[in-house]
1. How much length, in nm to one decimal, is gained on full extension between Lys362 and Asn71, taken as 0.36 nm per residue of separation minus their Cα-Cα distance?
2. With 5 Å bins from zero, work out the P(r) of the stretch 155-286 over every alpha carbon pair and list the percent per bin.
3. So how many Å³ per residue does the convex hull of the Cα atoms of the stretch 157-204 work out to?
4. Considering only protein heavy atoms, what per residue accessible area in square angstrom results for the stretch 143-234 with a 1.4 angstrom probe?
5. Once you put a point 7 Å from the Cα of Arg185 and another 7 Å from the Cα of Lys213, both along the Cβ direction, what distance in nm separates them?
6. Testing the spin-label approximation: label points 7 Å from Cα along Cα→Cβ at Asp142 and Thr228. State their distance in nm.
7. 5 Å is the cut-off here: which amide hydrogens, built 1.01 Å from N in the peptide plane, fall below it relative to Val326, excluding neighbours closer than 5 in sequence?
8. May I ask you to derive the FRET efficiency for His318 and Lys60 from their Cβ-Cβ distance with R0 = 22 Å, giving the value to the nearest 0.05?
Amino acid sequence: MAAESTQPAITEPGETPRRRSKGRRRKAPSTGRKAVRAMVWTAAGVVLLGGAGAGYVYFKLNGNLHSVDINQALGSDRPTKIDNGSENILVLGSDTRSGKNRKLGGGTDDGSARSDTAMIVHVYEGHKKASVVSIPRDTLVDRPRCTDTKGTDHPAASGVMFNEAYSTGGAACAVKTVESITGIRMDHYLEVDFEGFQKLIDDLGGVEVTTTKNIRDPQSHLDLEAGTHTLSGEQALGLVRTRHGVGDGSDLGRIQLQQAFIKALIDQVKHVGVFTNPKKLYDLADTATKAVTTDSDLGSVNSLIDFADGLKGISSSHMKMVTMPVQYDPANPNRVLLAKSKAQLVWNALRNDEPIPASATKGTATGEAKGVVSAG
C-alpha cells in the first residue's frame, strides 16, 4: 500500500492471543470469535493481537506497528461521527511494487501505488454482526480536494478511477474520497500490501478452497485445476488479485473471488491450532503487526487489543458481504459508474445502523465469478 501510508501493509480475516491461566485448561474459543478475527485479518490483517503479552513481546510487537494520522490530515471537514455504537473501518489492499512487493506483484517500482482492494467494514451496535461493502477500484468518481499526511495539498479531480485517490494522496486522500462518496465518517483505517498478505496466509498454514473451474492467470502467477486446494500465501495472493483467469475479466469478478476467499478463510481458521502452539501464536502476531498500517488511533498493541475485543461477538453467519452498487460505463466497458440511488440505500442503512436491503444491489452490475471458489 504505498504513498506515505507505506508498508508493510483486504479483506476483507487469525485469532487473538489470550493470557494463559494457571493450573487448568482453557475452554476452546468459540467459532464466532474465530470467524470474526479471520474476516478482519483477511481484510485488515490485524486482529491477532489481543493479550499478546507484556515485557519484550509487547514492546517487540508495538515496535512493529506503523500508523498514519488520518484525523490530523483531514481536519474537521468530515462527516459527523455517528454516535450509535457502530463503527466504520476502511480496509485497503495496496498494489505497491516497492521492496519485495515488486516480485510478488510484477511490474516495475515507479514509486506509486493504488488501492488494489477497498472495503468498508461496518460493525453494528452491540458488535454482534457486520456488513462489508467492497468498492470496485475501477469506479469513476469525483475525487475531492485533500491533504495528505505530509501536508501536501491535492486539488479535486472529476471522473477519475477510485484507486487513484490513494496513489494521489495516500491513506488520507483515500479516506477523504470514501467519506465524500458515502457521507459517512470512517472511524478507522487499515491497509495491507502484497508481502504482508502472503506471509499472513503462509503463517496460518494456507487456506483450503474448492474451485469449480480451472483458473490460470500468468499476470497474478496463478495456475489452479478445478478441485480442492490448500492455497499457499503466493497462491492466495494470486487468487484475490486475478481478474483475467476466470469470469469476464472484470474487477467485479475479482471482488467475487475476494469475498469467497474471505469466507473460506473464516472456515479454515477454525482448524488452526493457534492456542496449542505458543510459537505459532507469536509468529502470527509478529507477522500481523508488521503487515498492517493503521490510523493513529489503532497504532498501539493496546488499542488493537481493545479493537479486537470489541469484535469477538461476531460470527461468520452474521456477516453480510456486498459490492457497492455500480453500472458499467456506456463509454468504456472497463470502467463502472456509481449507481447513486441504489448506493444511497446502502449508505442510509449503514448510517442508521440497519441491515443493507436486498433492493440496494438488485439489478446492478456484477462479475461472472460467483460460485467459482468456495470453502474446501
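The values are calculated or read from the model by the stated rules, or taken from the named source; none is laboratory data. Computed from a predicted structure; not experimentally measured. Neighbour counts are summed over all protein chains in view; Cβ atoms, including those assigned to glycine, are modelled from backbone coordinates with ideal geometry. When the accessible area is computed, the model is the full protein with side chains, heavy atoms only, and any ligands, DNA or RNA have been set aside. Shrake-Rupley method; radii C 1.70, N 1.55, O 1.52, S 1.80 Å.
1. The Lys362-Asn71 span can extend by a further 101.2 nm.
2. Per 5 Å bin, starting at 0, the Cα pair percentages come out as 2, 9, 15, 18, 17, 14, 13, 9, 3, 1, 0.
3. Per-residue hull volume (Cα only) is 98 Å³.
4. 38
5. Computed distance between label sites Arg185 and Lys213 equals 4.4 nm.
6. Calculated label separation equals 5.2 nm.
7. Ala339, Ala365
8. The formula returns an efficiency of 0.05 here.
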